[in-house]
Amino acid sequence: MEYQVANGVKLRTIHTTKFKNTKILINFTFPAHSQNYGKLAMLAELLQNCSAKYHSELLVSRQLSRMYGASYGVTVLRYGNQHTLQIKISFPNDKYLPSKERLMTEILEFLEEMIEKPYISGVGFNQAYFEIHQNNLVNYLNSIADNKEYYAVLKLQKLYYPNDPDHGNFLLGSGREISELDSKSLYSFYQQVMKTSAITILVAGEIDDQEVLRGVEHFRYFVDRPVTKYELRVMPQPVESLQSASEKIDGSQSILNVGYELPVYFGDEEYFPAVIFNQLFGSSTRSLLFTNVREKASLAYDIHSSYNSLAGIVTVQAGIDYQNEQQVLELIPAQITKLLHGDYSDQLMDGVKQSMINQHRSEADHLSAVIEKRYIQQIMNIDYPDTVWEERINSVTKDDIKKIAAKVKLRAIFALNSQGANNENNSLS
């Protein structure tokens, strides 16, 4: 069921008896702008760990324990062109609690406290509390370069979107951006987020809709706000030539990341062929990349692809030996050529489809997957019932895959090159 709590504030309830837990997601959303990335990341830190009443992480933890081990978290996400502050909490259903316990009301009161009553002093966040989490976040961001796989992903992202910081920059901002924030200006930003962002509340489990409605209507910020309409799908700016870069690192393994444009998006007629294309290409252990590059040619420790249907991008990441880089760069597009020509077995196609259907069915056994899928369908205003989803998967043909392969266009390459542990020139630039 869907309810309009206020203009720009929606509540969706998902009724299911399959789980012992109930889950609530509250998404504050607005268009993605890079100047807000560091601010929202810092705000997520503060809203997760403290409030006016629970003014330490220990007090928050104790209250969660009192609520039968409820799990609470705040994170920052980007869905295409949408920037999201997501607050989530999971807790046991009432029927598994001692008689007459009504946990939903207490949970909503806790969320109201954490969201709407932050730990402030005067006109800003409490300074000591602010500085602790500011330092923690700066240290985390400055340590990302030590996670070579993740670092390579972020470098490819920046190459893929040159001169487009809204999509090329890291979602959490940079250490420098975080260090320049102050508690007063961030509190002003918090108030702006609360008053102007679109709000979507999703509640899944064995629930009483009216009880939930009464609870969310009590939030003082869940009131009318202007609604900004924008395109969720990311349309990358054209580039005149291939974007490529490399850096040297110590160690014995190089990391190669490749980005391809695939202008097919969630909800498009060719969406399901694009999903299966990615599975055949490199997203499964049956895939051509895994079979031909890793197993047959022994040129990669690991290699896989991923498809982002809100950004129209397919990426490949491979762990390789430096001396094999050119061979791998030749073999990756060779697998796309095989898909373009239908040069793979019907058994591979059938196996990939069945594996996807099995995975899709298994997701129904996980409450987080259920609520996340509903949210994506809601923001895209597209609903794929399970039976329709399976029918669309099974209807994809080799000719459909050929059409997808013909749309793929190489856009960016980034490599972290290790020429051996004994090479003195290997240092992260």
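With both labels modelled 7 Å from their Cα along Cα-to-Cβ, the VAL388 to HIS366 distance reads 2.4 nm. For segment 55-164, the per residue solvent-accessible surface stands at 47 Å², with DNA, RNA and ligands left out and a 1.4 Å probe.
At 0.36 nm per residue, minus the direct Cα-Cα distance, what do SER56 and GLN323 gain on full extension? Give it in nm, one decimal, please.
Values: separation 267, 0.36 × 267 = 96.12 nm, distance 5.19 nm.
Going from the current span to full extension adds 90.9 nm.
For a straight C-alpha distance cut-off of 18 angstrom, the aspartates and glutamates reachable from LYS407 (same-chain residues fewer than eight places away being disregarded) are GLU240, GLU261, ASP268, GLU269, GLU270, ASP343, ASP399. Which residue fluctuates most in the GNM of the chain (Cα springs below 10 Å): THR285, THR29, THR13? Comparing THR285, THR29, THR13 in the GNM, the peak value goes to THR285.
Relative contact order for segment 263-386: what is it in percent, counting Cα pairs under 8 Å that are at least 6 residues apart?
Details: 116 pairs, mean separation 27.0, N = 124.
Dividing the mean separation by the residue count of segment 263-386 yields 22 percent.
On a per residue basis, segment 168-293 carries 44 Å² of accessible surface, using protein heavy atoms and a 1.4 Å probe. Distances between placed amide hydrogens fall under 5 Å for PHE30 paired with HIS83, all partners being 5 or more residues away or on another chain.
Dipole size of the chain about its Cα centre, with +1 on Lys/Arg Cβ and -1 on Asp/Glu Cβ: approximately 440 debye, rounded to the nearest 20. Return the FRET efficiency for the residue pair ILE357, VAL123: r is the Cβ-Cβ distance, R0 is 35 Å, and the value is rounded to the nearest 0.05. The computed FRET efficiency comes out at 0.05. The shape of segment 278-349 comes out oblate: with a ≥ b ≥ c from the C-alpha gyration tensor, a/c is at least 1.5 while a/b does not beat b/c.
At a 1.4 Å probe radius, carbon and sulfur cover how many percent of the accessible area of segment 299-429? About 45 percent, which is the carbon plus sulfur part of the accessible surface. Please identify which residues in segment 351-367 have an amide N closer than 15 Å to a label point set 7 Å out from the Cα of ARG286, following the Cα→Cβ vector. In segment 351-367, the label zone of ARG286 (backbone N under 15 Å from the point 7 Å along Cα→Cβ) covers 351-361. Against the set (1) 23.0; (2) 23.8; (3) 21.5, the structure's computed Kirkwood radius over Cα pairs in Å falls on (2). A dipole drawn for the chain from +1 and -1 charges on Cβ atoms has a positive end, and of TRP389, GLN317, GLN134 the residue lying farthest that way is GLN134. Given a 10 angstrom Cα cut-off, can you work out which residue in VAL314, VAL396, VAL239 is the most mobile in a GNM of the chain? The residue that fluctuates most here is VAL239. Pairs from the list LYS155/LYS409; LYS155/LYS248; LYS158/LYS402; LYS23/LYS373 with a Cα-Cα gap above 24 Å: LYS158/LYS402. Mean separation of Cα pairs under 8 Å and 6 or more residues apart, divided by the residue count, gives the chain a relative contact order of 22 percent.
May I ask you to give the percent of accessible area on segment 155-231 that is carbon plus sulfur, with a probe radius of 1.4 Å?
On the way: 1820 of 3700 Å².
It is 49 percent, rounded to a whole number.
Taking trypsin sites (Lys or Arg not before Pro) in DSSP loop conformation with at most 15 other Cβ atoms inside 10 Å as exposed sites, the chain has its longest uninterrupted site-free stretch at 230-429.
The values are calculated or read from the model by the stated rules, or taken from the named source; none is laboratory data. Note that the structure is a prediction, hence the values are computed from the model and not measured. Cβ sites come from the backbone with ideal geometry, for glycine too, and all protein chains shown count toward neighbours. Calculation scope for accessible area: heavy atoms of the full protein, side chains included, ligands and nucleic acids excluded. Shrake-Rupley method; radii C 1.70, N 1.55, O 1.52, S 1.80 Å.
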